[in-house]
C-alpha cells in the first residue's frame, strides 16, 4: 500500500449479490494500488476496485510550500544584515586604501624632493676646493699690490693691480656659479612643494602644509661669510635642518558610495625626509611617517 488519502470503493460479489455497494472508506484509510479478488468464507469472491482517490501529493506540496515560505522569510530577514555587512567591509577597504595612498604620496614627494636636491648640493660643495684656491690667490694679489704701491713704481703697481683684477674676476665667476646652484635648489624645492600640493588636492586633502627647517633649500652656509668666493659648509645639525616635512588632512571615507553615518573619519598624514651622509654620497632618510586618525583601526 502506498500513501494515505480518501477513496470511494465498490465491493461486488461475483456470485450472489452483484453490484452491492459498500460504504466509502473514511478519511485516513490506506489506498489500494490495484484491483484484486478476495475469497470469502462461503466460497464467494469479492472484487475490490477503485472508483476515485486522492494521492499524497497534496500533503507533499503543502510541506514544500511551507519550507519555501520559511526560506523566503529568512532571506528577507538576513538581507539588511548582509547589506550592512557588505557596506561595512567596503568602508573598511576604502579607508585602508585611502590611508595607504595618503602615506605613500607623502613619503614619495618628500623623498623625490630630497633626491632632486642632491645634485645642486653635491655640485656646490665640489666648488669649495676652487673657492679656497681663489681666496689664497686673492690674498697673494692683495699683498702684491701693497708691496707694489710701496715701491712707488707705476709699472710695478699696474702689474700687481692687473693680477689682482684677474683673481677678482675669477672669484666673481665662481660666485655666480655658487649662487646659480643655490637658486636651482630653491627652485627645485618650490617645484617639489607644488607637486605635493597638487597630488594631495587630488585626494581631496585639506590643511596642506610644507614646513621647512632652514630658510634655503640647502642647509649650508658660506665660510668665511664676507668672502667674494666663500666655501659652503653644512650647517650644524645638518640632517634635522635639511629635512622636508609634509602634512595634510584627509577624510578616509569620502569616496564611499554608501555611508552608514555622516560622521567623517579624519586622518592627519605627516612625513619628514632628509639627506644624510657626506659629499658626494648622500642617503635619503625618512625621519617621520605618521598617519593618525579618529578611525578605530588607525
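The values are calculated or read from the model by the stated rules, or taken from the named source; none is laboratory data. Note that the structure is predicted; figures quoted are calculated from it, not measured. Neighbour counts are summed over all protein chains in view; Cβ atoms, including those assigned to glycine, are modelled from backbone coordinates with ideal geometry.
Here are some notes:
- Top-ranked residue of the range 274-284 - restricted to ones that are touching a helix residue (DSSP H, G or I) at 6+ places or on another chain (Cβ under 8 Å) and either farther than 16 Å from residue 240 by Cα or not in a strand (DSSP E or B) (or both), ranked as modelled with the highest pLDDT: 279
- Residue in the range 188-197 that is touching a helix residue (DSSP H, G or I) at 6+ places or on another chain (Cβ under 8 Å) and not in a helix (DSSP H, G or I) present: no
- Odd one out for residue 225 among (1) under 30 Å from residue 106 (Cα atoms); (2) modelled with pLDDT under 95: (1)
- Residue match in the range 139-161 (condition: surrounded by 14 or more Cβ atoms within 10 Å (Cβ to Cβ), under 23 Å from residue 279 (Cβ atoms) and touching a helix residue (DSSP H, G or I) at 6+ places or on another chain (Cβ under 8 Å)): no
- When the range 204-227 is filtered for residues that are more than 24 Å from residue 239 (Cβ to Cβ) and in contact with a strand residue (DSSP E or B) (Cβ under 6 Å, 6 or more places away or on another chain), the ones remaining, listed by number, are 205, 206, 207, 208.
- Restricting 253, 297, 218, 245 to those that are modelled with pLDDT of 90 or more and either more than 20 Å from the chain's Cα centre (by Cα) or over 19 Å from residue 108 (Cβ atoms) (or both) reduces the list to 218.
- Here 134, 113, 139 are screened, and the one residue that is part of a helix (DSSP H, G or I) and touching a strand residue (DSSP E or B) at 6+ places or on another chain (Cβ under 7 Å) is 113.
- Among residues of the range 178-198, those that are farther than 26 Å from residue 228 by Cβ and surrounded by fewer than 18 Cβ atoms within 10 Å (Cβ to Cβ), counted: 6
- The residue pairs whose first member lies in the range 237-254 and is buried (at least 23 other Cβ atoms within 10 Å of the Cβ), whose second member is assigned to a helix (DSSP H, G or I) and at pLDDT 90 or above, and whose beta carbons are closer than 6 Å, counting only pairs six or more residues apart or on different chains, are 244/110; 244/113; 246/106; 246/110; 246/196; 248/200.
- Enumeration of residues in the range 164-198 that are free of Cβ contacts under 8 Å to residues at least 60 places away in the same chain, touching a strand residue (DSSP E or B) at 6+ places or on another chain (Cβ under 7 Å) and within 30 Å of residue 248 (Cα to Cα): 197
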